[in-house]
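A.B. asks: My questions will all concern the structure given below.
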Amino acid sequence: MAWFCAAQWPVFAPPLTPMLVFMAARRINTIKADVVLLETRLAEIVAADPEMADIDRRLRSVPHVGPS
């Protein structure tokens, strides 16, 4: 079996038309909005349950855990 490095494979890059750029930006913005909604709902769920709130508090006390 022959092995090839990535530099040997042909690279296909479709042209970035203004419409494709617009569509990609719209999708990214939709995903960002969905993340905000999910984070808000998860925060509500955690706040409503004392046990989960305690676990959340302990987890976030660890450096680099939780929002920065």
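The values are calculated or read from the model by the stated rules, or taken from the named source; none is laboratory data. The model shown is predicted, which means the values in this text are computed figures rather than measured ones. Because the Cβ atoms are built from the backbone with ideal geometry, glycine has one as well, and the counts that use them run over all protein chains shown.
A.B. asks: Which residue pairs have Cβ atoms closer than 8 Å, lie 6 or more positions apart in sequence or on different chains, and pair a first residue in the range 17-30 that is part of a helix (DSSP H, G or I) with a second residue that is surrounded by fewer than 10 Cβ atoms within 10 Å (Cβ to Cβ)?
C.D. replies: Taking only residues 6 or more apart or on different chains, the pairs are L20/P14.
A.B. asks: Right, next: Conditions: (1) at pLDDT 95 or above; (2) surrounded by 10 or more Cβ atoms within 10 Å (Cβ to Cβ). L20 meets all but one. Number of the miss?
C.D. replies: Against the list (1) at pLDDT 95 or above; (2) surrounded by 10 or more Cβ atoms within 10 Å (Cβ to Cβ), L20 comes up short only on (1).
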